[in-house]
């Protein structure tokens, strides 16, 4: 069994510039999903030859959130068997792989260390180049999976929304990123999780809120849209979370158990979060005048958010790209995609980092 170590520099002498890999074995362990994928770059598109994901959702549902040490131990048990299973599914031998890619960060450090150590060990044994990938670039690259490269035009506005991140970026060309704004407190995904927990809807909260919201009245409860009038591109969701808490606590036990009340509040929460995300996205579009709008991250699986941004993009004549829902939540295919799409010179002594920056 592979054990993670306190440092990720153990085979740093293998780090070197990677030149145009074509077939990448990718590993993702940034939070609570253990995933391995084999991604291949062809002339005008990327192909996921195989992907395996071991979800920890049942494990963390008991606590209503991810416990870092529990997540790391689960990664340890799963990672090497998943590598073997992925290679078998793809019918690929180690000698056929061009490089190994792995999430460097951000994420839970103990979880990141498991993936980084596994990747570095495999790279040493198989004598393959190793490509560390920024987790958010992975989410962005997921939009390219299954699409012709030629359908992506610059400049771009990129909205990345997940349980740990809510950020707006712009890109003027492949690999050139400029930060616009981020949440000042809670991420949108965290707001979904915490409000779902208040309503007793379970974990993860995003899908639970969305399911209840389908038949609810989103106008029933006038929840706040923090920073909606601010001139910057920042987000804030802590105030929304607090408003839901006080509103819910003010209800009688009978009302709290009412399916109609729960559906209406869920719909109001979902609409408030989507409005906040879309509002800042439209502000960025007005300023940047992009040719492509990309929505990525776990919350990109939200149907209301996808439909709302797709309609705005269509109205403005902008190409809209969002990953298939399979590739919205954490997965290794997106890490392989980023390694193939965004080549870089790899630092010789890179480390896994819970607070890794893109630029």
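Of note:
- Counted residues, segment 53-73 - those being touching a residue at least 40 places away in the same chain (Cβ under 8 Å) and in contact with a strand residue (DSSP E or B) (Cβ under 7 Å, 6 or more places away or on another chain): 1
- Residue check for residue 69: buried (at least 19 other Cβ atoms within 10 Å of the Cβ) and over 20 Å from the mean Cα position of the chain (by Cα): no
- One residue from 181, 216, 175, 239 being under 28 Å from residue 62 (Cβ atoms) and in contact (Cβ under 8 Å) with a residue 12 or more places away in the chain: 216
- Taking each residue of segment 303-320 that is under 14 Å from residue 290 (Cβ atoms) and looking for partners that are crowded, with 18+ Cβ neighbours inside 10 Å with beta-carbon atoms closer than 6 Å, six or more apart or interchain, yields 309/295; 313/293; 318/293; 319/292; 320/293; 320/313.
- Complete set of residues in segment 22-38 that are crowded, with 24+ Cβ neighbours inside 10 Å and in contact with a strand residue (DSSP E or B) (Cβ under 7 Å, 6 or more places away or on another chain): 24, 25, 26, 27, 28, 29, 30, 34, 35, 36, 37, 38
- Set side by side, the residues 208, 196, 188 differ, and just one is assigned by TED's automatic domain parsing to the domain that holds residue 236, modelled with pLDDT of 95 or more, closer than 23 Å to residue 270 by Cα and in contact with a strand residue (DSSP E or B) (Cβ under 9 Å, 6 or more places away or on another chain), which is 188.
- Scan of segment 309-328 for residues that are touching a helix residue (DSSP H, G or I) at 6+ places or on another chain (Cβ under 8 Å), in a helix (DSSP H, G or I) and buried (at least 18 other Cβ atoms within 10 Å of the Cβ), ordered by number: 309, 327
- Residue check for residue 305: at pLDDT 95 or above, crowded, with 18+ Cβ neighbours inside 10 Å and either closer than 20 Å to residue 178 by Cβ or assigned by TED's automatic domain parsing to the domain that holds residue 138 (or both): no
- Among the residues making up segment 257-302, those that are closer than 19 Å to residue 218 by Cβ and not in a helix (DSSP H, G or I) are 258, 302.
- Output for segment 123-143, where each listed residue is surrounded by fewer than 23 Cβ atoms within 10 Å (Cβ to Cβ) and in contact with a strand residue (DSSP E or B) (Cβ under 6 Å, 6 or more places away or on another chain): 123, 128, 129
- Screening segment 153-212 for strands (runs of 3 or more DSSP E) wholly inside it with 3 or more residues that are out of contact with any helix residue (DSSP H, G or I) (no Cβ under 6 Å at 6 or more places or on another chain) returns the ranges 166-173, 176-182.
The values are calculated or read from the model by the stated rules, or taken from the named source; none is laboratory data. What you are looking at is a predicted structure, and each value in this text was computed from that prediction instead of being measured. Every residue, glycine as well, gets a Cβ built from its backbone with ideal geometry; the counts of neighbours run over all protein chains shown.
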